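A quick write-up on the structure given underneath.
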Amino acid sequence: MNTTTTVSTDFKLQLGSFYVEVWGCQMNVYDGGRIRDLLTAAGFSEVSSPKDADIVVLVTCAVRAKAEDKVFNQIASWQRTGDITKDTIVALGGCVGSELAEKILDLNKSVNIIFGPRTIHRLPQMISEFASTHKPVVDVTADAIDKFDSLPDAGPVGPSAFVTIMEGCSNKCTYCIVPYTRGEEQSRPLQDILDECVNHIANGVKEIHLLGQNVNSYHGLNPDGSICNFSTLLYEVAAVPGVERIRFTTSNPMDFSDDIIEAVQKLDVISDQIHVPIQAGSDRILKAMHRRYTAAQYIELVNKLRKARPSVHISSDFIVGFPGETDEDFEETMKVVNEVKFDQSFSFVYSIRPGTPAALLDDPISKETKMERLYRLQKRLEEIASEYTQAFLGTTQRVLVEGISRKDESELKSRASSGRIVVFKGPTSLVGQMVNVKITSVVAHTLKGEIVNE
Ligand code: SAH
Ligand code: SF4
Ligand code: F3S
């Protein structure tokens, strides 16, 4: 049940405005949106620049060292430009919040409040406490279900809505900090997720994007106390009146079971884009990463998915230069890339994350070698993705119109089932609708086209 947080009237008058900056993954985007809902419901008003804000809220990412550094560089830069002054209340949350907790107070003296992904719902109280004591407030641990239970209903978000179905991760891949920043995996009860979807649909949403670090292992409670798995959740969300498209991120290959593949086959509302990170193509490296599947098992999964849904577009994440990755190991990754033919994917050089098991491993590979490997991988991934892009020419795509194009106000921006952005000329009354567009040209990976009558 949702409860609205109350803040004293005096406090509201003193601290009127807030600004939220979000870095990191879609789960942070979801959390950032919920923070906006929460602070607005508590009586604060949102502004679009830190300069105009009494409270600056940072939702941060710790997945790679660069992401973490960026946060502190940004705060320092705002201090230099005067966007943040000694009177601004700075609340740092997200994964860096829970990773570093109290240590942040030594790293940057202007941070006043530290929260984590699981304590966003307590932010109004933390702000209130800081305003009355002027002492730093640190609160980073909580039960994930408490978080969801304590948030107000989401406000309008446009035609596509993120819905987090689980929090945390218990897989403990050896390179990854997420299990330590978001905590052990916890699934939300089925009914809460469905209620959130119904609320979004009432606000004009057509596409539900289910989020979790490992959505395939979803195991939330049914109203009768039994366990609901991910495939059942997909059928339940698809049955919500008004849901026209479902996306889900991220899938772990290890838990992509046959019942989920069957749901992809049976439910047309599931989008064609399926993101299943492989990370590496060498079994030796996958084992050292604690990924619990082999390259052959991954390829078998892709083949099954393509059989179930021939139009599927598989995308992936890759880590290059995991400690001890040899040239031969890397060639195994390139082999899988050429065999699977991934669509648009993400790839990164391994970044050491203090406190993770891989941080203790010897890493004799030079940075140069790692960069060369990344360059080769990205070049090949890009070539293959371009082949997919070209293949859209002349096809008709059913797209969800998300808004007006930022580059050209006479054009609408939409998204196809494959995840590709489709731009076309049309009236703004189509925003929020699903329409058919014939693809007539491509620019980089963006598709351009014209509406066709159904
Ligand atoms: N739960 C998802 C991944 C979430 S993190 C999964 O298991 O697929 C998003 C991506 O960041 C990962 O897929 C991985 O490719 C990358 N990543 C995570 N830790 C990293 C590290 N230490 N160095 C480089 N990339 C990393
Ligand atoms: Fe990190 Fe692995 Fe969990 Fe993904 S599955 S969040 S990579 S520990
Ligand atoms: Fe980053 Fe945390 Fe997401 S580390 S990738 S914001 S789960």
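Looking at Pro323, is it closer than 25 Å to Glu99 by Cβ, away from ligand 3 (no atom under 16 Å from the Cβ) and within 25 Å of the chain's Cα centre (by Cα)?
On the way: closer than 25 Å to Glu99 by Cβ: yes; away from ligand 3 (no atom under 16 Å from the Cβ): yes; within 25 Å of the chain's Cα centre (by Cα): no.
When the stated conditions are applied, Pro323 does not pass them.
Restricting the first member to region 226-253 and to residues that are on the phi > 0 side of the Ramachandran plot and away from ligand 3 (no atom under 16 Å from the Cβ), and the second to residues that are open to solvent by 10 Å² or more (accessible area, probe 1.4 Å) and modelled with pLDDT of 95 or more, the beta-carbon pairs closer than 7 Å and six or more apart or on different chains are Gly242/Ile201. Pairs meeting the criteria (first residue in region 352-364 and β-branched (Val, Ile, Thr), second residue at pLDDT 95 or above and within 15 Å of ligand 2 (Cβ to nearest atom), beta carbons under 7 Å, at least 6 apart or on different chains) are Ile352/Ala359; Thr356/Thr174; Thr356/Tyr175; Thr356/Cys176; Thr356/Ile177. For region 54-62, the criterion of being part of a loop (DSSP other than H, G, I, E, B) and open to solvent by 10 Å² or more (accessible area, probe 1.4 Å) is satisfied by at least one residue. Residues in region 335-368 that are open to solvent by 50 Å² or more (accessible area, probe 1.4 Å), part of a loop (DSSP other than H, G, I, E, B) and acidic (Asp, Glu): Asp362, Asp363.
Scanning region 109-163 for residues that are crowded, with 19+ Cβ neighbours inside 10 Å, within 20 Å of the chain's Cα centre (by Cα) and not in a loop (DSSP other than H, G, I, E, B) returns Phe115, Ile120, His121, Ala144, Lys147, Phe148, Ala161, Phe162, Val163. Counting only strands (runs of 3 or more DSSP E) that sit wholly inside region 209-308, not one has at least 2 residues that are among the hydroxyl-bearing types (Ser, Thr, Tyr) and more than 16 Å from ligand 1 (Cβ to nearest atom).
Looking at region 400-416, can you tell me whether even one residue there is open to solvent by less than 30 Å² (accessible area, probe 1.4 Å), in contact with an Asp or Glu (Cβ under 8 Å, 6 or more places away or on another chain), assigned to a loop (DSSP other than H, G, I, E, B) and farther than 24 Å from His275 by Cβ? There is at least one residue in region 400-416 that is open to solvent by less than 30 Å² (accessible area, probe 1.4 Å), in contact with an Asp or Glu (Cβ under 8 Å, 6 or more places away or on another chain), assigned to a loop (DSSP other than H, G, I, E, B) and farther than 24 Å from His275 by Cβ. Checking each residue in region 170-208 for being more than 16 Å from ligand 2 (Cβ to nearest atom), open to solvent by less than 20 Å² (accessible area, probe 1.4 Å) and not in a helix (DSSP H, G or I) picks out Arg188, Val205, Glu207, Ile208. If you go through region 69-98 and pick out every residue that is within 16 Å of ligand 1 (Cβ to nearest atom) and surrounded by 22 or more Cβ atoms within 10 Å (Cβ to Cβ), you end up with 4.
The values are calculated or read from the model by the stated rules, or taken from the named source; none is laboratory data. Note that the structure is predicted; figures quoted are calculated from it, not measured. Here the Cβ is made from the backbone with ideal geometry for all residues, glycine too, and neighbour counts use every protein chain on show. Only protein heavy atoms, including side chains, enter the accessible area calculation; ligands, DNA and RNA are left aside. Shrake-Rupley method; radii C 1.70, N 1.55, O 1.52, S 1.80 Å.
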